[in-house]
Structures are given as C-alpha cells and as structure tokens.
1. Identify all residues within the stretch 63-95 that are more than 12 Å from the ligand (Cβ to nearest atom) and in a strand (DSSP E or B); write none if there are none.
2. Determine, yes or no, whether Thr145 is away from the ligand (no atom under 14 Å from the Cβ), in contact with a Gly (Cβ under 8 Å, 6 or more places away or on another chain), within 23 Å of Leu55 (Cα to Cα) and among the polar types (S, T, N, Q).
3. Among the residues of the stretch 181-201, are any among the basic types (Lys, Arg), in contact with an Asp or Glu (Cβ under 9 Å, 6 or more places away or on another chain), without any contact (Cβ under 8 Å) to a residue 60 or more places away in the chain and not in a loop (DSSP other than H, G, I, E, B)?
4. Sort out which residues of the stretch 195-213 are over 16 Å from Asp158 (Cβ atoms) and loosely packed, with under 13 Cβ neighbours inside 10 Å, and write them in order of number.
5. List every residue pair whose Cβ atoms lie under 7 Å apart, where the two residues are 6 or more positions apart in sequence or sit on different chains, the first residue falls within the stretch 157-172 and is touching a residue at least 40 places away in the same chain (Cβ under 8 Å), and the second residue, located anywhere, is basic (Lys, Arg) and part of a loop (DSSP other than H, G, I, E, B).
6. Mind checking whether some residue in the stretch 71-78 is more than 15 Å from the chain's Cα centre (by Cα), buried (at least 16 other Cβ atoms within 10 Å of the Cβ) and aromatic (Phe, Trp, Tyr)?
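Read-outs throughout are calculated quantities, based only on the coordinates presented, and are distinct from any laboratory measurement. All values derive from a computational prediction rather than experimental measurement. Every residue, glycine among them, receives a Cβ derived from its backbone with ideal geometry; neighbour counts consider all protein chains shown.
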Amino acid sequence: MEPSFWHERWQKGDIGFHRDAAHAALDSHWRAVGVAPPAVVFVPLCGKSLDMAWLAGKGYRVLGVELSQLAVDAFFESQNLTPSTRQQGTFAVSTAGPFELWCGDLFALPADALREVGAVYDRASLVALPPATQHAYADWLSTMTGKAPILLVGLAYDEAEMDGPPFSVPQSRVRELLSANYDLDVLSDADVIEANVGMKKRGLTALQETVYRARRKT
Ligand SMILES: C[S@@+](CC[C@H](N)C(=O)[O-])C[C@H]1O[C@@H](n2cnc3c(N)ncnc32)[C@H](O)[C@@H]1O
C-alpha cells in the first residue's frame, strides 16, 4: 500500500484494526517466546496498539515503528505520557518511559535503531502488507533483528470473500516467508470470525487466526 493509504485511514479514523485491549495472544503465548524483561521488544507497524502497553506492563522496553504521527501521538496520549521528540534522519522519534516510537517507513529504519532488540511482536503487521511486499518484510526482519524470536499473529480467510488489507496469509505462506531462517511453531489456531464484527460486515464467513512462534535457526 502507498503511505497515503494509511495516512488517510488515520486521518479519517478508519482504524477498525485497532483494539481497545491488549490481544489475548500476549497473555496466552508471550511467555513461550522466552525472552525476559527488560529486553527491548520491537513492534513493527505498531499503530497505537495497546499491546505495547501490555509489554511495558511486564517490564519490557518497547521499540515501535509507525507511518502515522497521529497514531504515535494517540498512543502516548492513551498512556498519559508526554514524549520528548527528536529528529533522526527522516524519522521523528518520540520517547517516554519504556516507549520509543519511530515515525516513518519501517524499511528505512537504520540498523542502529534495532541493535538492542531482543524479541519481535507482530500483530496485524505482516498481514497489513500486500503480498508483493511480504517477502521483503520477512527478509528485512531476519536481517535487521538478528536472533530475536518473533511472536506473530497471522490471519487467513477465503480471498474470494474480501480484499485486503488485512491480507490473507495462511500457514503455508507464513512457512514460505519465514522457514528459511526460523523454526516455526503454531501456538494456537482458531476461527475468530464471531469476535470480528467488522470483518463479518466486509463479507467474511470465517477468519482463521494463527499464533506462531518463530525462533531463529542456529
Ligand atoms: C493494520 S495496522 C496494525 C497496527 C497495530 N499493529 C495494531 O495491532 O493495532 C497497520 C499499521 O501499519 C502502519 N504502516 C503501514 N505500512 C507501514 C510502513 N511501511 N512503515 C511503518 N508503518 C506502516 C499503518 O499506518 C498502520 O497503522
């Protein structure tokens, strides 16, 4: 998607992907990632996700990247925090408490920004990217985040029923994208359509949500 697509969605408040509570995958599966606080957890395409607050509540430091400054500002506001902001290249970097959010394009992040990353949390990030960009994202993650394990929340559905984003990324595709560099475990797999009214309205009759742990091959 062009950046303008996402900027417009944030401007219009068309952010059905945002959840008012942390994703249940964190309570159920974060422990399986096996990285202790106060490690840095990288949250790509972070939006204003309250998952970041959940991670901070467990003692982690959170490094996010997000195109929209509206999203970044809204996140800090939701946490009653006033960040200090610095300019780093093309990025505005907002920092407060355990949170450091880089506003700009993920693929332009400097390697230095990611040097302390201990784990990655991807919810609605891979699936937000069009199929043509997913390989670049998977390769970028493995190059830029080194040995960090990933907790990935993936979605899959019948593409005849709806156009992305979110794009359908079934297990076979996740394996194709990640298995060269990571050992993958499916931690849970369930049809969550009943809890996703917005997707039902868009025409989906089933929505498979799969939580993966990806551990870097040695
Ligand atoms: C589907 S939303 C998911 C947000 C968040 N992960 C959540 O669970 O609420 C995808 C987000 O990625 C951002 N985004 C899309 N492409 C991006 C890119 N290349 N670099 C940084 N952020 C991007 C969008 O602005 C949007 O907020």
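1. Hits for the stretch 63-95 are Leu63, Ser84, Thr85, Arg86, Gln87, Gln88, Ala92, Val93, Ser94, Thr95.
2. In short, no.
3. So far as the stretch 181-201 goes, yes, one or more of its residues are among the basic types (Lys, Arg), in contact with an Asp or Glu (Cβ under 9 Å, 6 or more places away or on another chain), without any contact (Cβ under 8 Å) to a residue 60 or more places away in the chain and not in a loop (DSSP other than H, G, I, E, B).
4. Result: Ala195, Val197, Gly198.
5. The qualifying pairs are Met162/Arg202.
6. The answer is yes; a qualifying residue exists.
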